[in-house]
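Engineer: The structure follows.
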Amino acid sequence: MHGSSDAATHEEYIEALPEPRRSDIRRLHELIRATVPQLEPTMEFHILGYGTYHYRYASGREGEAALVSVANNKRYISLYVCAVRDGHYLAETFAPRLGTVSSGRSCIRFRRLEKLDLDALRDLLRESVAHPPGELSPAGDTR
């Protein structure tokens, strides 16, 4: 299973994974739930989601999305953190503190959870709750 899944719950999603991904994503799920328990679990876009926020693009398109998401991909685990502080995505801001990761604007990619600085990850998650995005203007949004 890569990326999205037809699983209806977090537990179903995690149980369907092969080891060692299952253990890493289970530990990540437990860390997220313990660090930011106010973020209700969701299955937004068929991946693990935590909390929701309302977004609005400059084009006028708007909707609901998960504040934090986790996906199993072929070569890595993706942690999406859709939070912005002072015009900068927190995932990009925190990436240098997290350890052996690659990052995009709102995505942290890593192969094994043990490679991450878990204290920095907890800080990132706490900050995400304090800074959910509002108006977004991603490159190429024409909807």
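Engineer: Within a 10 angstrom radius of the beta carbon, how do 13, 89 rank from fewest other beta carbons to most?
Structural biologist: Fewest to most other Cβ atoms nearby, the residues stand as 89, 13.
Engineer: Oh, and also: What are the semi-axes of the equivalent ellipsoid of the chain, taken as the square roots of 5 times the eigenvalues of the Cα gyration tensor, listed largest first and rounded to whole Å?
Structural biologist: 23, 18, 14
Each reported figure results from applying straightforward, stated rules to the coordinates on display, with no laboratory input. Given the structure is predicted, the values throughout are model-derived calculations rather than measurements. FYI the Cβ positions are ideal-geometry reconstructions off the backbone, even for glycines, and counts take in every protein chain you see.
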